[in-house]
Amino acid sequence: MGLFDRLFGKKEEPKIEEVVKEALENLDLSEDIEAEEVSQEVAEVESSEEAVLQEEENQDTVEESLDSEPTVEVSQEEIEEFPNSEEVTEEENTELQEPVEENSSEVLEAERSQLEETVQEKYDRSLKKTRTGFGARLNAFFANFRSVDEEFFEELEELLIMSDVGVQVASNLTEELRYEAKLENAKKPDALRRVIIEKLVELYEKDGNYDESIHFQDGLTVMLFVGVNGVGKTTSIGKLAHRYKQAGKKVMLVAADTFRAGAVAQLAEWGRRVDVPVVTGPEKADPASVVFDGMERAVAEGIDILMIDTAGRLQNKDNLMAELEKIGRIIKRVVPEAPHETFLALDASTGQNALVQAKEFSKITPLTGIVLTKIDGTARGGVVLAIREELNIPVKLIGFGEKIDDIGEFNSENFMKSLLEGLI
C-alpha cells in the first residue's frame, strides 16, 4: 500500500452485492429487534407486578412490627455478622479514603495526559499555519475556476510556487496534471483536487526509500552540526541533549564555533541547563583542536552521543570549507568511521532561502540529514517538498516549538498527514 492510501485511504465505491447483502441483514435485524422489544415489555410488566406484591408484603410487616412490643431481640449470629461500632468507623474511613486517593491520582494522570502531546498532535500544531495557508489558497483557487484550461494550470503553478514547494516541484507537478487531465478527460477543477494531493504525496514518497532514521552506533555516535547563524542550530543541539539524556544516554557537547563568544556561551548554558558536559576552548582557538579534545574525552569517558556545534559563515565559503574539512580529518583520526551524521540546520520560516542554503552547504560538505527548525511559526513548511525533490537530502529532525521537548525525529507520514489533512 502506498503512502497516500495509508494516509487518506482508497477511494472505492461499494459493490452492488454488498449493498443488497447489507439491506437483507438490516431487515433480519429489525425483526429480531421487534422480538426483543416485546420480550423486554413482558419482563417489565412481570417485574412491576412483583414489585407491587413485595411492597404490599413490606407494608404488612411494618404494621405488624408497630403493633408488637418495642423490645428488639438480636441473635448471636446477627451480632457476629457485624463488627462493633468502632471497627465499622475505622473500616468505613479506610474505604472512604482509598477511593479518594485513587480518584485524585486518576485526575492528575488525566491532567498530565492532556498536557503531554502525542507526536501527531505536535505535527498538527506546528504545521497549522502551513496547512491553513496552503489549504485556503487551494480552496480559493478551485472556487475561482469553472473549467480546466491553460489559465487553470498557469495559476496552479504560481500557487504552488507561492506555497514554497519550489519552482521545480511546481513545474513538474503542473506538467503531470496536464497529462492526467487529458487522460481522464477532466473538465471540472474539482475532478483534479484529489489528483493534486496524490501527486504531492507521490513526490515525497518517490521510491519509498526515505532514509529518515538516525544512524546510532553501538558505541560512540558522533553528530556534526552545520548551518548559518540564527537558524536555531545551537538550540536544537541543546534540546537533543536533553532528549537523549532523558532516554538514558551519556551525552557530551563540543563548542567548536570558537570565533563567536556568544555561540560558546549559549552552548555552555544549554549544557548547564540539561546537565551534560560541554567541551570548550580559549577564545579564537582553532576549532579543530577543540573538536580533538572533545573526541578524546568522549572515547575516554564512554560517551554514547557526542554533538559538535560548528561555525556557519556561509559568506566566506572557502574558509568554511577548509575548516570543516580539517574538523572532519580530526574526527576520523580518533574514530575512523565518524562523523556518523552531518546535520544541516535550516530555518523553515526562510522558505526558498533555506533551499539555497541547503544547496550551498551540500557543495561544502557531505550532508546526511536536515534539522528543520521554527516550523511552528511559519506558513512555509512546503519547503520540505522542495528539499526532497531538488536535493534528495532527508529531513531527519524537526523542531516543533520553543519548549525543551519540542524536537523529534522526522516522520514523513506524520508530516504529510498534517500538511494535507482536510484538503480532500
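Once you have the alpha carbon radius of gyration of segment 259-345, what is it after dividing by 2.2 N^0.38 Å, with N set to its residue count?
Values: Rg = 13.0 Å, N = 87, 2.2 N^0.38 = 12.0 Å.
The reported ratio for this selection is 1.09.
What size of dipole, in debye to the nearest 20, comes out for segment 259-336 about its Cα centre when the only charges are +1 on Lys and Arg C-beta atoms and -1 on Asp and Glu C-beta atoms?
200
Would you please calculate the Kirkwood hydrodynamic radius of segment 174-319 over all C-alpha pairs and express it in Å, rounded to one decimal? Let's see the in-between values first.
Values: mean 1/r = 0.0546 Å⁻¹.
One over the average 1/r among Cα pairs gives 18.3 Å for segment 174-319.
Convert each backbone phi in segment 322-329 into a coupling constant with the Karplus relation 6.51 cos²θ - 1.76 cosθ + 1.60 (shift: θ = phi - 60°), then list the ³J(HN,Hα) values in order as whole Hz, x for Gly and Pro.
4, 5, 5, 5, 5, 4, x, 5
Report the label-to-label distance for Lys359 and Lys250 in nanometres (one decimal), using points 7 Å from each Cα along the Cα→Cβ vector.
My value for the distance between the label points is 4.5 nm.
With a point put 7 Å past each Cα toward its Cβ, work out how far Glu269 is from Glu202 in nm, to one decimal.
Result for the modelled spin labels: 4.9 nm.
Quick check for me: using +1 on Lys/Arg Cβ and -1 on Asp/Glu Cβ, what's the dipole size of segment 339-403 about its Cα centre, in debye to the nearest 20?
So the magnitude is around 20 debye.
Give me, ordered by chain and number, the residues 5 or more places off Ile370 or on other chains with an amide H under 5 Å from its own placed amide H.
Counting only residues 5 or more places away or on other chains, the set is Leu344, Val395, Lys396, Leu397.
May I ask you to derive the FRET efficiency for Asn172 and Ala261 from their Cβ-Cβ distance with R0 = 51 Å, giving the value to the nearest 0.05?
On the way: r = 46 Å, r/R0 = 0.90.
The computed FRET efficiency comes out at 0.65.
If you line up the Cα atoms of segment 314-356 on their principal axes, what length do they span on each, largest first, in Å?
Largest to smallest, the principal-axis extents are 38, 22, 10 Å.
What is the distance, in nm, between label points placed 7 Å from the Cα along the Cα-to-Cβ direction at Asn319 and at Glu121?
Between Asn319 and Glu121, the simple spin-label model gives 4.7 nm.
Counting other C-beta atoms within 10 Å, and keeping those with at most 12, which DSSP coil GluC sites (Glu not before Pro) do you find in segment 249-357? Let's see the in-between values first.
Working: sites: Glu269, Glu283, Glu296, Glu301, Glu323, Glu325, Glu337, Glu341; in loops: Glu283, Glu301, Glu337.
Here the sparse-neighbourhood loop sites are Glu283, Glu301, Glu337.
Considering only DSSP states other than H, G, I, E and B, which trypsin sites (Lys or Arg not before Pro) in segment 293-352 qualify as loop sites with at most 15 other Cβ atoms within 10 Å?
On the way: sites: Arg297, Arg313, Lys317, Lys326, Arg329, Lys332, Arg333; in loops: Arg313.
Answer in residue order: Arg313.
Every read-out reported here was derived from the displayed coordinates using simple, explicitly stated rules and does not represent laboratory data. Note that the structure is a prediction, hence the values are computed from the model and not measured. Positions of Cβ are backbone-derived with ideal geometry, glycine not excepted, and every protein chain shown enters the neighbour counts.
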